[in-house]
Amino acid sequence: MMIPLNRRRESPSQTAGPYVHIGCVPNFCGIEGVYPHDLGDTMVNDQTKGERITVTGTTFDGTGTPLKDAMVEIWQADAAGLYNSPSEIRGTADTNFTGWGRKAGDYATGEWNFETVKPGAVPFPDGRMQAPHISFWIVARGINLGLQTRMYFPDEDNSTDPVLTRIEHQNRVPTLVAEQVDASTYRFNIRLQGEGETIFFDF
Amino acid sequence: MSNRKPAGGFFMRDTAWHPPALTPQYKTSVARSPSRALLSMPQTMSEVTGPVFGHNILGDLDNDLILNYSQDGTSAIGPRIIVYGRVVDENGRGVPGALVEVWQANAGGHYRHAKEGYIAPLDPNFGGCGRVITDDDGGYEFRTIQPGPYPWPNRVNDWRPAHIHFSIFGDGFAQRLITQMYFEGDPMIWQCPIVDTVPSREGIETLVATLDMAATLPMDARVYKFDIVLRGRRATIFENRMEGT
């Protein structure tokens, strides 16, 4: 008799559906008085270290129509490149920065906005540094398994990033790089399907 | 910090076990499914770390949907139930400190939402959201009313079985999961195009909560058990040790 592994299988994903707001951002959808504020609505305070930036964007379907019912979560390092996480062992991250944000798209336009700081660089497992980036997770009606992607910055040197340089179809890399709107604002549109389809990862 | 430890990488996600992106019987997926293959990449700190949600964010009624939106102190209308279970990982270990957020329709199958169009009425005392953070063993529980089934615009006469939506945040960003819980014995589970996106009957059955009559509160509330499994982690200290160091 061999040693049994006794592994379980991950619970299968199901779509977040059109009413994800009720559970995840109830104040946004008018359900007030249950939670004091929506989790992830604020990532920074006036003591947060680093360069303040706004990251905005819209999620589009394969017909070019904006998704008005998507929810986006982001996770990023602080300005020094440290994650505000118990498993961050390289140092202590800025306690005035959560690193995690959650926003729903506007009902009318589908646009979402994060007020955050520009992340520092974080190493790849082999020790090489990755270019500064923000991790994204996108859920919505019609998305059966949450989509993972990354946003890179147009004003950083992305040429030696270990993830970007590993991508076979280099002509798709620009789908991961935000547009600079002004000195402190970046636009990162996500295209779920078709021309300019954003690269989604399986990590 | 004494409680800090390096996070092992997550086991590979079995994408054949999850629903595929394109599931034409669920029409909205057709234009919202990526047409290119997901790009596989090694996990980095960006994927294996995640935020912590302390128990201090919780209010006393956060896990009590029967009362947490009550306008006048009376209970929400519907069959009273308690849902409990554990959040575990693929190694079978409880995941402590996981944020479990739930949302659901009311007993008539109507959501409190601007985009809701079903004829069934709102319950003025039911909001439909709740949350809980798992205990040291991964355990959680919340109290609610059993949601109703409802029709939805897909094919001309599609109905959702009664269900509760779950969002689970474990300890790493690449572990993020949203799923739905169904109720044991509901024949509508097997007629739903969204349930049907899960490729195997075995997989669907893991989303069906079991009635736990022994745990039921006499003259008060029935109890359903629902366990959730998140991606497991490799636990070797050798994973990121570089050769020659």
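See the values below:
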{"read-out": "Listed residues A:50, A:64, A:30, most fluctuating in chain A (Gaussian network, C-alpha, under 10 Å)", "value": "A:30"}
{"read-out": "Spherically averaged projected area of the stretch A:103-173 from its Cα convex hull (nm²)", "value": "6.7 nm²"}
{"read-out": "Square roots of five times the Cα gyration tensor eigenvalues for the stretch A:13-191, Å", "value": "26, 21, 15"}
{"read-out": "Fluctuation leader among A:93, A:140, A:108 - chain A, Gaussian network, Cα springs under 10 angstrom", "value": "A:108"}
{"read-out": "Residue A:159-residue A:3 pseudo-label distance in nm [points 7 Å out on the Cα-to-Cβ vector]", "value": "4.9 nm"}
{"read-out": "P(r) of the stretch A:69-153 over all Cα-Cα pairs, binned every 10 Å from zero, in whole percent", "value": "17, 44, 28, 10, 0"}
{"read-out": "Residue (of A:200, B:208, B:16) at the positive-pole extreme of the protein assembly as shown, dipole from beta-carbon charges", "value": "B:16"}
{"read-out": "Neighbour cut-off at most 16 other Cβ (10 Å), DSSP loop, GluC sites (Glu not before Pro), the stretch B:172-219", "value": "B:184"}
{"read-out": "Exposure rank, largest accessible area first [B:190, B:103; 1.4 Å]", "value": "B:190, B:103"}
{"read-out": "For chain A, share of DSSP beta bridges that run antiparallel, in % to the nearest 5", "value": "85 percent"}
{"read-out": "Net charge of neighbours whose Cβ lies under 13 Å from the Cβ of residue A:185, counting Lys and Arg as +1 and Asp and Glu as -1", "value": "-3"}
{"read-out": "Rounded to 5, percent antiparallel among DSSP beta bridges of the protein assembly as shown", "value": "75 percent"}
{"read-out": "Antiparallel DSSP beta bridges within chain B, percent to nearest 5", "value": "75 percent"}
{"read-out": "Point-to-point label distance, residue B:35-residue B:137, nm (Cα→Cβ direction, 7 Å offset)", "value": "5.1 nm"}
{"read-out": "HN-Hα J in Hz across the stretch B:94-102 - Karplus 6.51, -1.76, 1.60, θ = phi - 60°, x for Gly and Pro", "value": "x, 9, x, x, 6, 8, 10, 10, 10"}
{"read-out": "Percent breakdown of C-alpha pair distances by 10 Å bin, ordered from the shortest bin, for the protein assembly as shown", "value": "4, 21, 32, 27, 12, 3, 0"}
{"read-out": "Shape box of chain B [Cα atoms, principal axes, largest first, Å]", "value": "67, 43, 35"}
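The values are calculated or read from the model by the stated rules, or taken from the named source; none is laboratory data. All values reported here derive from a predicted model rather than from experimental measurement. Note that each Cβ is placed from the backbone with ideal geometry, even for glycine, and that neighbours are counted across all protein chains shown. Calculation scope for accessible area: heavy atoms of the full protein, side chains included, ligands and nucleic acids excluded. Shrake-Rupley method; radii C 1.70, N 1.55, O 1.52, S 1.80 Å.
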